[in-house]
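Reading through the structure tokens given below for one structure.
Please treat every number below as a calculation from the coordinates, not as lab data. Treat the numbers as computed from the prediction; the structure is a model and nothing was measured. Because the Cβ atoms are built from the backbone with ideal geometry, glycine has one as well, and the counts that use them run over all protein chains shown.
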Amino acid sequence: MRHHLLLRVITKLLVGPILLFALYVQFHGDYSPGGGFQAGVIFAVAFILFGIVFGLAKVKQVFPPWLVHKLAALGVLIYAGTGVYSLMLGSTYLNYSAFTPAHPEHGQHWGILVVELGVGVTVAAVMVAIYYAFAARPPVIHDEEW
Amino acid sequence: MELFIILTLFFMLVVTAIAILMMRHLFAVVMLSGVFSLLSALLFVTLDAVDVAFTEAAVGAGISTVLMLGTMALTSRNEKMPRDFSPIPLLVVIATGSVLIYGTLDMPIFGSPTSPALSHLATAYLTQSPHDIGVPNVVTAILASYRGYDTLGETVVVFTACVGVLILIGGLARRRRKDEEGTN
């Protein structure tokens, strides 16, 4: 897409706000609609948009595939690890109230924050990984035929 | 007024679905399926299910449209014409559809306050979550805390999907490159 000047300029302007909005949706999910899943998708969309306009090689420099694959697993580990941590504190699996026994509500806030972060990391990485897998194969349809 | 909006959205949904059925050009079909997701997201907003609408707009209209376009670029632009008309699929669809409609007859009326989902669990969540969890968005409280196991399962499913795609598509490309290096 080297010849689409408008698309390139607008993409450069949009990527930052999209990432920022994803972080807002991620960490404001307790108070407004949204959460890890939606935030992960929006976060991935910023990279996918960048990849579509500037090419797969450029976006792979920013967000290398090995990191994407490790982050996909890391998110699940964060989520499951939160449950293991509550087990080690002597409570049931994924019972966040155990984190701060004096104020169960605070523990719930922390638990939800960490767990949503795990969901967001996994979803963002998985979406980018699937996009990489599809885009890395040579297309059968050429640019002019669309 | 709200009824008018809902009816208009449903009408547009049906029109989009019929247009998707009629078209052979897959690029237009993919775009229309994005429109379909966006219309369903609007319907979810009219039901006050903002979180679901958010997900539908981001995943249905956003990511899956991009992935469908990616798949299309790897396969074909036009839908293949069916070889000849066979009545069996039509009969299967009509039979399944009538069974499903028959099944809805037992369901409580839409929005009925006495429906089982609204009378026990929903009220319990709404009344208890402010002092159990204290998070203003009850949907987040249910998803991440009350139903933490289910959300963990969903995350693992998403991860499994990634592993499946990488094994199917990502691994094959790498093996081919090795073969080429070997022959060269």
(message) Just to be sure I follow the definition: excluding the sites themselves, where is the longest run in chain B that has none of the chymotrypsin sites (Phe, Trp or Tyr not before Pro) in a DSSP loop with at most 11 other Cβ atoms within 10 Å?
(response) B:1-84
(message) I'd like the mean, over residues of A:69-80, of how many other protein chain beta carbons sit within 10 Å of each residue's own Cβ.
(response) 3
(message) Need one word for segment B:35-118: rounded, prolate or oblate. Basis is the Cα gyration tensor (sqrt eigenvalues a ≥ b ≥ c); a/c below 1.5 gives rounded, then a/b vs b/c decides.
(response) oblate
(request) Calculate the dipole size of chain B relative to its Cα centre from +1 charges on Lys and Arg beta carbons and -1 charges on Asp and Glu beta carbons; express the result in debye to the nearest 20. (result) 840
(message) For segment A:1-83, which trypsin sites (Lys or Arg not before Pro) pass both filters: DSSP loop (anything but H, G, I, E, B) and at most 12 other C-beta atoms within 10 Å?
(response) A:Arg2
(request) Could you tell me which trypsin sites (Lys or Arg not before Pro) in segment B:1-92 are loop residues by DSSP with no more than 13 other beta carbons within 10 angstrom of their beta carbon? (result) B:Arg24, B:Lys80, B:Arg83
(message) Output wanted: per-residue J couplings in Hz (rounded whole) for segment B:84-95, from phi through Karplus 6.51 cos²θ - 1.76 cosθ + 1.60, θ = phi - 60°, x for Gly and Pro.
(response) 8, 6, 10, x, 4, x, 4, 5, 4, 5, 5, 4
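Give the average, rounded to an integer, of partner chain Cβ atoms located within 10 angstrom of each Cβ in B:50-60. All intermediate terms of the calculation are to be shown ahead of the outcome.
Working: counts 3, 7, 1, 1, 11, 6, 1, 2, 13, 6, 0.
Rounded to a whole number, the mean comes out at 5.
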(message) Please compute the modelled spin-label separation between B:Leu105 and A:Ala73, points set 7 Å along Cα→Cβ, answer in nm with one decimal.
(response) 5.4
(message) Just want to confirm a number: the relative contact order over chain A, from Cα pairs under 8 angstrom separated by 6+ residues, in percent.
(response) 27
(message) Can you tell me which of B:Ile101, B:Ile169, B:Ile142 moves the most in a GNM of chain B? Springs connect C-alpha atoms under 10 Å apart.
(response) B:Ile169
(request) Within segment A:14-66, report the chymotrypsin sites (Phe, Trp or Tyr not before Pro) that DSSP leaves as loop and that have at most 11 other Cβ atoms within 10 Å. (result) A:Tyr31
(request) Answer with one residue from A:Val126, A:His109, B:Gly153: the one whose Cα lies farthest towards the positive end of the charge dipole of the protein assembly as shown, charges on Cβ with Lys, Arg +1 and Asp, Glu -1. (result) A:Val126
